[in-house]
Amino acid sequence: MGWMPAAGTDLGDRLRRHLEQDRVAWLTSVGADGTPQPNPVWFIVEGEEILVWNAARAHRLNHIRSRPRVALNFNSTRTGGDILIITGEAHLDESAPLPHEVPAYVEKYGAEMKSISGTQEAFSKSYPHLLRIRPDGVRE
C-alpha cells in the first residue's frame with residue numbers, strides 16, 4: 001500500500017495490527033459549520049482503500065459529499081499511548097456491493113450484523129451506503 005508505512009518499522013507494524021485486529025475505528029468528517037464530527041465505525045481494508053458502510057440517515061454522508069477530507073483513528077491505550085491517525089479523502093460509492101455480499105466484511109462482522117438486525121441481509125438494508133476512504137497519510 002503506497003500510503004502505508006513500511007513493514008518492519010514500529011509505525012508500520014502498529015498500523016497493520018490495528019487495521020487487522022481492531023473492530024472499531026473513529027471516522028472524523030467536518031460538519032457544515034466547520035466542527036469535526038467523530039463517529040465510531042466498522043471498517044475493512046480492500047487494496048489501497050478503507051471501506052465503511054453507513055446508514056442512509058448518517059449525517060457524515062452529507063459532510064463528506066461537501067468536504068471529502070477525513071481522518072480515521074483508533075482507540076489509544078488506557079494511558080494515551082499507541083495513537084495512530086490516518087488521513088485521506090472519502091467518497092460515496094453508489095455502485096458498491098452491500099455489506100453481506102463482501103466476504104471480508106462478513107468474516108469480520110457477520111455475528112454482529114445478525115445480532116443488530118436479525119440477518120446479514122437485513123443489516124445491509126439498514127447500512128447500504130459505502131464510503132471508500134483513500135488514505136494519503138499516517139501520523140502518530
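Overview of values
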item	result
The stretch 49-58, residues that are loosely packed, with under 14 Cβ neighbours inside 10 Å and in contact (Cβ under 8 Å) with a residue 12 or more places away in the chain	A55, A56
So N75, is it of a type outside the set (A, V, I, L, M, F, W, C) and closer than 25 Å to K125 by Cα	no
Residues satisfying the stated conditions in the stretch 55-73, i.e. over 16 Å from T35 (Cβ atoms) and within 10 Å of the chain's Cα centre (by Cα)	L72, N73
Qualifying residue in the stretch 8-30 (condition: among the hydrophobic types (A, V, I, L, M, F, W, C), over 28 Å from I116 (Cβ atoms), touching a residue at least 60 places away in the same chain (Cβ under 8 Å) and touching an Asp or Glu at 6+ places or on another chain (Cβ under 9 Å))	yes
Among (1) farther than 19 Å from E94 by Cβ; (2) in contact with a Leu (Cβ under 8 Å, 6 or more places away or on another chain); (3) touching a residue at least 60 places away in the same chain (Cβ under 8 Å), the one test that A71 misses	(3)
D82, sole failed condition from (1) within 30 Å of T119 (Cβ to Cβ); (2) at pLDDT below 95; (3) among the acidic types (D, E)	(1)
Residue in the stretch 76-124 that is nearest to V138 (Cα to Cα), counting only those that are small (G, A, S) and buried (at least 16 other Cβ atoms within 10 Å of the Cβ)	G88
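The values are calculated or read from the model by the stated rules, or taken from the named source; none is laboratory data. Keep in mind it's a predicted model, so treat the numbers as computed, not measured. Neighbour counts are summed over all protein chains in view; Cβ atoms, including those assigned to glycine, are modelled from backbone coordinates with ideal geometry.
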